[in-house]
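Notes for the one structure printed next.
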Amino acid sequence: MPRTADGSAGDADYGVIARDYTDHRVPDPRIARTVHTALGEARTVLNVGAGAGSYEPGDRDVTPVEPSTSMRGRRPGHLGGAVDAVAESLPFDDDAFDAAMATFSVHQWQDLDRGLAEIRRVTRGPVALLTCDPALVRDFWLDEYAPEVLATEAARYPAPDVLATGLGGRVETVTVPVPLDCSDGFNEAYYGRPEALLDGGARASCSAWSFVGDDVVHRFTADLSRDLGDGTWDRRHGHLRSTPELHGSLVLVVAVPD
């Protein structure tokens, strides 16, 4: 798959998605703690598919890699610039980093096996991948309104055992709770705040929405607006408005070499 004019290397064009991305995809500190803990005592960290810098630890020496020109341009100044490269061809020596991370990135890699081999090649310690378990993606109320969106997400995310096989070593997969007031606006972040997904900018910041047609979006907004207005959504799912955290499809896959 060729890179887009923006440089995006996956199946989504971040030259378009990036327009509203940083307004809605603000790293959540509770999720960040989970990722950072998995990095152990690492001082040098590689971040593959770094985007605008979400979840990069501020107290470590981080080398970000990001192919999209638009996303590199949205990195705040205090994080520094990112290397223009792709996961499948990392321009670093073997064992160059203490640890590596990727957040919401592996499903964008064109050649997953090669990308996993590369991230393992350049990392001598733990690799932490924040991703979603495709077997759990559709266990979410959004599937009642926009099944095409979650079917797309489920088809794109690699299963945790596939990631484990590609990375090797000792691998643990843990569910990452999503807090009710999660600041990182992926779809499940709005589990108890359904009104937020009526915002086109919020939807545009979740790449799966870019794969469905306007007919799906129009049906979704009409049906959800109706069900919020007449109380149907709350009768079915209203308990989620006061559920402190969702144990959904968000997982962290951590691989440590033998």
#### Entry: Matching residues, the stretch 55-80, being among the small types (Gly, Ala, Ser) and outside any loop (DSSP other than H, G, I, E, B)
70, 77
### Message
Please go through (1) buried (at least 16 other Cβ atoms within 10 Å of the Cβ); (2) farther than 27 Å from residue 97 by Cα; (3) in contact with a helix residue (DSSP H, G or I) (Cβ under 6 Å, 6 or more places away or on another chain) for residue 167 and return the number of the only condition it doesn't satisfy.
### Response
(2)
### Message
Need the failing condition index for residue 125 against (1) within 30 Å of residue 215 (Cβ to Cβ); (2) not in a helix (DSSP H, G or I), just the number.
### Response
(1)
### Query
Which members of the stretch 93-143 meet the condition of being in contact with a helix residue (DSSP H, G or I) (Cβ under 8 Å, 6 or more places away or on another chain) and aromatic (Phe, Trp, Tyr)?
109, 140, 141
### Message
Between a residue in the stretch 59-78 that is aliphatic (A, V, I, L, M) and any residue that is outside any loop (DSSP other than H, G, I, E, B) and surrounded by fewer than 20 Cβ atoms within 10 Å (Cβ to Cβ), which pairs come within a Cβ distance under 6 Å, given they are 6 or more apart or on different chains?
### Response
65/83
### Message
Given the criterion assigned to a helix (DSSP H, G or I) and under 18 Å from residue 27 (Cβ atoms), identify the matching residue among 202, 208.
### Response
202
### Message
Out of 174, 137, I need the residue that is in a loop (DSSP other than H, G, I, E, B) and either of a type outside the set (A, V, I, L, M) or at pLDDT 95 or above (or both). Which one?
### Response
137
### Summary
In the stretch 1-54, anything in contact with a helix residue (DSSP H, G or I) (Cβ under 8 Å, 6 or more places away or on another chain), modelled with pLDDT under 95, β-branched (Val, Ile, Thr) and not in a helix (DSSP H, G or I) is listed as 4
### Query
Does residue 203 count as touching a helix residue (DSSP H, G or I) at 6+ places or on another chain (Cβ under 6 Å) and surrounded by 17 or more Cβ atoms within 10 Å (Cβ to Cβ)?
yes
### Query
Any residue in the stretch 241-257 that is touching a residue at least 12 places away in the same chain (Cβ under 8 Å), closer than 30 Å to residue 110 by Cβ, surrounded by fewer than 20 Cβ atoms within 10 Å (Cβ to Cβ) and out of contact with any helix residue (DSSP H, G or I) (no Cβ under 7 Å at 6 or more places or on another chain)?
yes
### Query
Any idea which of 143, 95, 111, 133 is acidic (Asp, Glu), touching a strand residue (DSSP E or B) at 6+ places or on another chain (Cβ under 8 Å), without any contact (Cβ under 8 Å) to a residue 40 or more places away in the chain and surrounded by fewer than 22 Cβ atoms within 10 Å (Cβ to Cβ)?
95
### Message
Kindly evaluate residue 100 against the criterion of being farther than 25 Å from residue 245 by Cβ, of a type in the set (A, V, I, L, M, F, W, C) and assigned to a helix (DSSP H, G or I).
### Response
no
### Query
Out of (1) surrounded by 15 or more Cβ atoms within 10 Å (Cβ to Cβ); (2) closer than 18 Å to residue 167 by Cβ, the odd one out for residue 50 is which?
(2)
#### Entry: the stretch 211-248: number of residues that are touching a Gly at 6+ places or on another chain (Cβ under 7 Å) and outside any helix (DSSP H, G or I)
1
### Task
Please work out which one of (1) within 28 Å of residue 246 (Cβ to Cβ); (2) among the hydrophobic types (A, V, I, L, M, F, W, C); (3) at pLDDT 95 or above; (4) assigned to a loop (DSSP other than H, G, I, E, B) is the condition residue 92 fails and give its number.
(1)
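The values are calculated or read from the model by the stated rules, or taken from the named source; none is laboratory data. Since the model is a prediction, treat every value here as computed from it, not as a measurement. Reconstructed Cβ throughout: ideal geometry from the backbone, glycine too, with neighbour counts over all protein chains shown.
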